[in-house]
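The values are calculated or read from the model by the stated rules, or taken from the named source; none is laboratory data. Keep in mind it's a predicted model, so treat the numbers as computed, not measured. Reconstructed Cβ throughout: ideal geometry from the backbone, glycine too, with neighbour counts over all protein chains shown.
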Amino acid sequence: MKKILGSAVALALSALLMTGCGGESKQVVRLSHSQIETHPDHIGAVAFKDTVEKKLGDKFEVQIFPNATLGANEKVLELIKQGSVQYLVVSTANVESFDKLFSIFSIPYLFTSEEAFEKFITDPEILGKLSVNSEKTGFAPVAAFTAGTRNFYSKTPIKSVADLQGKKFRVQAGPVNVAMMQAFGAAATPMSFGEVYSALQQSVIDGAENNELALTDQKHGEITKYFSYDMHQMCPDVLVASNAFLKKLSPEERAVFDEAAKAAQEAEFAAWKGSIAEAKEKAIAMGVQFIEVDVNEFRNKVLPLHEQLLKDTPEIKALYDEASAANAEANK
Ligand code: GCU
């Protein structure tokens with residue numbers, strides 16, 4: 001806690017400093033994320049930096065902080081609110097506690113295809129709808145990145161729902177994830193991304209759930225050797241911007257930062273599929289087995305949750321209907 005407060009203070013102070021060069025001064029723009037430097041999120045961040053600095057390099061310098069070096073996402077969201085960090089790439093699950101609208105993405109089997117998911121998250125109108133509470137939260141989503149599908153991986157093979165019974169799985173934060181694991185008959189252990197490796201190693205949990213990159217980038221495949229394609233969630237990573245920062249930009253500068261967000265999104269998507277193929281190959285070399293399961297069995301088990309979640313959080317209904325429309329469109 002001390003460490004986090006210390007870094008918050010240091011950031012707040014250094015936000016006041018400018019990088020001087022030949023009498024001119026530049027404003028430092030900090031972009032934080034929790035992935036390694038080969039991850040598509042980082043590639044998106046680099047495209048963001050390049051676009052900003054190409055057009056406004058005389059005024060702004062974008063500094064990228066990968067690997068959660070500024071702190072876990074939940075903590076950095078606080079720094080974003082304060083304005084000492086300007087941009088953060090964060091899973092929607094971590095935004096849920098600030099704005100319930102983002103819990104829409106934690107609903108298991110919300111999307112029936114990756115195509116529908118991608119169409120939904122890249123629709124600027126959807127981003128607009130997810131921004132309605134930004135005055136209150138202190139930040140706004142400005143781009144959405146794909147993070148593929150989330151699947152269970154564990155020390156023992158998960159071939160059917162029966163194999164999940166009584167097991168403990170790390171999930172991302174948020175009550176929807178806990179409800180989902182209960183519906184599957186398993187126990188949820190929410191914790192931050194960076195804590196998962198040692199929790200697996202120390203057998204605090206039996207497994208976790210994520211896309212394939214967690215096996216290789218985070219080395220979870222060293223410990224968990226079975227990855228099952230049950231595809232229970234598709235949660236994007238969102239690039240969120242500090243409102244305090246956005247408000248200080250001139251309309252011309254704002255246009256460049258928006259263009260940079262779009263460039264980041266395009267670069268991230270372009271990198272995604274290749275990264276997954278590469279991660280699978282690497283994971284197989286690590287001894288991980290990829291298991292195809294009967295997705296419908298998993299889906300049917302937790303589908304009753306949809307009605308319950310809509311009842312508990314009626315504000316997500318409009319987005320839920322849009323997601324259903326994206327599913328129908330993709331199935332045409
Ligand atoms: C994915 C996602 C991250 C998220 C992580 C997690 O890697 O891209 O944003 O933090 O899952 O499970 O915590």
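Quick notes on this one:
- Which numbered condition Glu292 misses (of (1) of a type in the set (D, E, K, R); (2) assigned by TED's automatic domain parsing to the domain that holds Leu88; (3) under 16 Å from Asn151 (Cβ atoms)): (2)
- The residues of the range 160-184 that are part of a loop (DSSP other than H, G, I, E, B) and surrounded by 16 or more Cβ atoms within 10 Å (Cβ to Cβ), listed by number, are Lys167, Gln172, Ala173, Gly174.
- Ile4 meets the conditions (1) touching a Gly at 6+ places or on another chain (Cβ under 6 Å); (2) more than 15 Å from the ligand (Cβ to nearest atom); (3) modelled with pLDDT of 95 or more in every case but one. The failed one is (3).
- Scope the range 267-297; condition buried (at least 16 other Cβ atoms within 10 Å of the Cβ), under 30 Å from Ala140 (Cα atoms) and not acidic (Asp, Glu); matching residues: Ala267, Phe269, Ala271, Trp272, Ser275, Ile276
Residues are listed down the side, and each one gets a yes or a no for (1) of a type in the set (Gly, Ala, Ser); (2) surrounded by 21 or more Cβ atoms within 10 Å (Cβ to Cβ); (3) not in a helix (DSSP H, G or I):
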position	(1), (2), (3)
Gln218	no, no, yes
Thr224	no, yes, yes
Val238	no, yes, yes
Lys247	no, no, no
Asp258	no, no, no
Gln265	no, yes, no
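- Hey, Ala144 more than 14 Å from the chain's Cα centre (by Cα), under 17 Å from Ala261 (Cβ atoms), modelled with pLDDT of 95 or more and assigned to a strand (DSSP E or B) or not: no
- If you check Ser134, Ser97, Ser113 for being within 16 Å of the ligand (Cβ to nearest atom) and of a type in the set (S, T, N, Q), only one passes: Ser97.
- Flag for Val238 being within 11 Å of the ligand (Cβ to nearest atom) and in contact with a helix residue (DSSP H, G or I) (Cβ under 7 Å, 6 or more places away or on another chain): yes
- Condition met for Ser154 (at pLDDT 95 or above, more than 16 Å from the ligand (Cβ to nearest atom) and not aromatic (Phe, Trp, Tyr)): no
- Scope the range 185-216; condition in a strand (DSSP E or B), more than 11 Å from the ligand (Cβ to nearest atom) and without any contact (Cβ under 8 Å) to a residue 40 or more places away in the chain; matching residues: Ala187, Ala188, Thr189
- Leu309 part of a helix (DSSP H, G or I), outside the structural domain of Ala143 (by TED's automatic domain parsing), surrounded by 15 or more Cβ atoms within 10 Å (Cβ to Cβ) and over 21 Å from the mean Cα position of the chain (by Cα): no
Each row is one residue, and each column tells you yes or no for (1) modelled with pLDDT of 95 or more; (2) among the aromatic types (Phe, Trp, Tyr); (3) within 19 Å of the chain's Cα centre (by Cα); (4) at positive phi.
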site: Pro236; (1), (2), (3), (4): yes, no, yes, no
site: Glu259; (1), (2), (3), (4): yes, no, no, no
site: Gln265; (1), (2), (3), (4): yes, no, yes, no
site: Trp272; (1), (2), (3), (4): yes, yes, yes, no
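- Selected residue (criterion: nearest to Lys248 (Cα to Cα)) from residues of the range 29-64 that are within 16 Å of the ligand (Cβ to nearest atom) and among the charged types (D, E, K, R): Asp41
- Among the residues making up the range 27-82, a single one is touching a Pro at 6+ places or on another chain (Cβ under 6 Å) and among the acidic types (Asp, Glu): Glu37.
- Test: residue in the range 140-158 that is surrounded by fewer than 18 Cβ atoms within 10 Å (Cβ to Cβ), among the β-branched types (Val, Ile, Thr) and in contact with a strand residue (DSSP E or B) (Cβ under 8 Å, 6 or more places away or on another chain): yes
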